[in-house]
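Working notes for the structure below.
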């Protein structure tokens, strides 16, 4: 991995972290500052590196292949019981 | 001379271009020579000692034809990207005569420039870019 590719990944990670730390949103000025820095690095990357970063992102953004409804229901349990708090629905 | 009819779609002149820019409170792009504004930064195009800029020497960056081709950090989240800046579209037919849209030969599919159409002063080029301001449409 080249320095530019590493820098891009680090900067993108930093942007996502800063958004979360700010409660989900940065100001447009802050977004613009990150976008400009990312853009400068982006155009230093090779086409293959850009595609690899896009592919990584698509993999992490893909929904997990699991059913939304697991078919289990919560059940009451006694304190200290070893019974599972869920059972499969009939 | 090659006509568009003989070019593959990726090489043909784009019908519209897209750019992520800071927005003005009136809903149109913010004009200036800073990053993510409607204008060219000093690093985007080089003026000679007379203050002139020339055609085919770079200029303000845009993405041709499809906002989904914007780089990851500029592409809106609803299009699978990480960008949060407003994205604007400009129909190439609305580009003023002083300017030309040219695909980047190093990345013909995903990158293009809006360049000076002839030798002109840098300030005239910036003014021509600014004059397109009301033609840009902000994507929902």
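Just a few scattered comments:
- Relative contact order (%) - region A:1-60, alpha-carbon pairs under 8 angstrom, separation at least six: 48
- Whether region A:1-40 is rounded, prolate or oblate, judged on the alpha carbon gyration tensor where a/c under 1.5 counts as rounded: oblate
- Here region B:80-98 is scanned for amide nitrogen atoms under 14 Å from the site 7 Å beyond the Cα of residue B:130 along Cα-to-Cβ, giving none.
- The Cα atoms of region B:1-132 give a gyration tensor whose axes a ≥ b ≥ c have a/c of 1.5 or more with a/b no greater than b/c, which makes the shape oblate.
- Cβ-derived FRET efficiency at R0 30 Å, residue B:97 paired with residue B:50, nearest 0.05: 0.85
- Spread of Cα-to-Cα distances over 5 Å intervals beginning at zero, given as percent, for chain A: 2, 11, 14, 13, 12, 9, 6, 8, 7, 7, 7, 3, 0
- Helix-only mean residue ellipticity at 222 nm for chain B, each DSSP H run of n ≥ 4 adding -39500 (n - 2.57), per residue, nearest 500: -2000 deg cm²/dmol
- Projected label distance in nm at residue A:6 and residue A:76, using a 7 Å step from Cα toward the beta-carbon: 6.0
- Efficiency of FRET from Cβ geometry, residue B:41 and residue B:13, R₀ 30 Å, rounded to 0.05: 0.75
- Placing R0 at 30 angstrom, the Cβ-Cβ distance between residue A:54 and residue A:22 gives a FRET efficiency of 0.70 after rounding to 0.05.
- Ellipticity estimate at 222 nm from DSSP helix runs (n ≥ 4, -39,500 (n - 2.57)) divided over chain A, nearest 500: -18000 deg cm²/dmol
Read-outs: derived from the displayed coordinates by stated rules, not from any lab. All values reported here derive from a predicted model rather than from experimental measurement. FYI the Cβ positions are ideal-geometry reconstructions off the backbone, even for glycines, and counts take in every protein chain you see.
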